[in-house]
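Structure first, then comments.
The values are calculated or read from the model by the stated rules, or taken from the named source; none is laboratory data. Everything quoted here is computed from the prediction, not taken from an experiment. Cβ: placed from backbone, ideal geometry, glycine included. Neighbour counts: every protein chain shown.
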């Protein structure tokens with residue numbers, strides 16, 4: 001059975017996506033790291049879904065839903081760097097803002113929905129989203145007031161959603177996809 005996770009994309013990451021003209025494009029890769037500057041996707045497996053989230057003015061948006069294909073370096077990644085000055089993943093230079101230069105970055109190949117910044121999570125759904133840890137304990141999102149997120153601290157990282165919350169986010173993304181057709 002596959003799992004679903006959330007990862008928070010920072011303002012810098014989202015600004016870089018916009019500047020590079022990646023809106024409405026499907027990322028083929030994201031990056032996992034070993035340092036706190038880049039979330040580690042070590043819990044994810046092939047087939048799992050990852051919801052990239054972004055917070056702007058208290059509104060949480062689903063930027064992309066990514067299904068993990070693999071977490072291996074492939075030919076598409078380009079040659080491994082020979083020196084510290086070489087790019088880590090020259091084959092994915094167009095998507096390097098997703099963490100290619102992060103400490104210990106590893107590629108995560110994904111099948112993703114297009115990058116969007118106009119799919120807000122409704123306030124009532126935001127208030128009832130829950131995540132679970134490896135021991136099965138659940139937690140809700142902190143700092144939700146009147147359907148808005150006052151602080152993003154409890155979203156920072158890579159967290160496993162409960163199955164109900166994963167279903168709710170999947171429905172939101174699927175409905176938005178159908179509306180756009």
ask   = Got a number for residues in the range 133-181 being without any contact (Cβ under 8 Å) to a residue 40 or more places away in the chain, outside any helix (DSSP H, G or I) and within 17 Å of the chain's Cα centre (by Cα)?
value = 2
message = Here is a check on your reading of the model: is residue 52 more than 18 Å from residue 113 (Cβ to Cβ) and at pLDDT 95 or above?
response = no
remark   = With the first residue restricted to the range 10-28 and required to be on the phi > 0 side of the Ramachandran plot, and the second required to be not in a loop (DSSP other than H, G, I, E, B), Cβ contacts under 8 Å at 6 or more apart or on different chains are 24/115
task = Being crowded, with 21+ Cβ neighbours inside 10 Å and within 21 Å of residue 153 (Cβ to Cβ) is the filter here, so list the residues in the range 9-31 that pass it.
result = 9, 14
query = Looking at (1) assigned to a loop (DSSP other than H, G, I, E, B); (2) farther than 26 Å from residue 167 by Cα, which is the one condition that is false for residue 91?
reply = (1)
ask   = How many residues, within the range 107-127, are touching a strand residue (DSSP E or B) at 6+ places or on another chain (Cβ under 9 Å), farther than 30 Å from residue 73 by Cα and surrounded by 15 or more Cβ atoms within 10 Å (Cβ to Cβ)?
value = 6
message = From the list 130, 113, 83, exactly one residue is over 23 Å from residue 14 (Cα atoms) and modelled with pLDDT of 95 or more. Which is it?
response = 130
remark   = For the range 41-55, pairs from a residue that is at negative phi and in contact (Cβ under 8 Å) with a residue 24 or more places away in the chain to a residue that is crowded, with 20+ Cβ neighbours inside 10 Å and part of a loop (DSSP other than H, G, I, E, B), with Cβ under 6 Å and 6 or more apart or across chains, are 52/9; 54/9
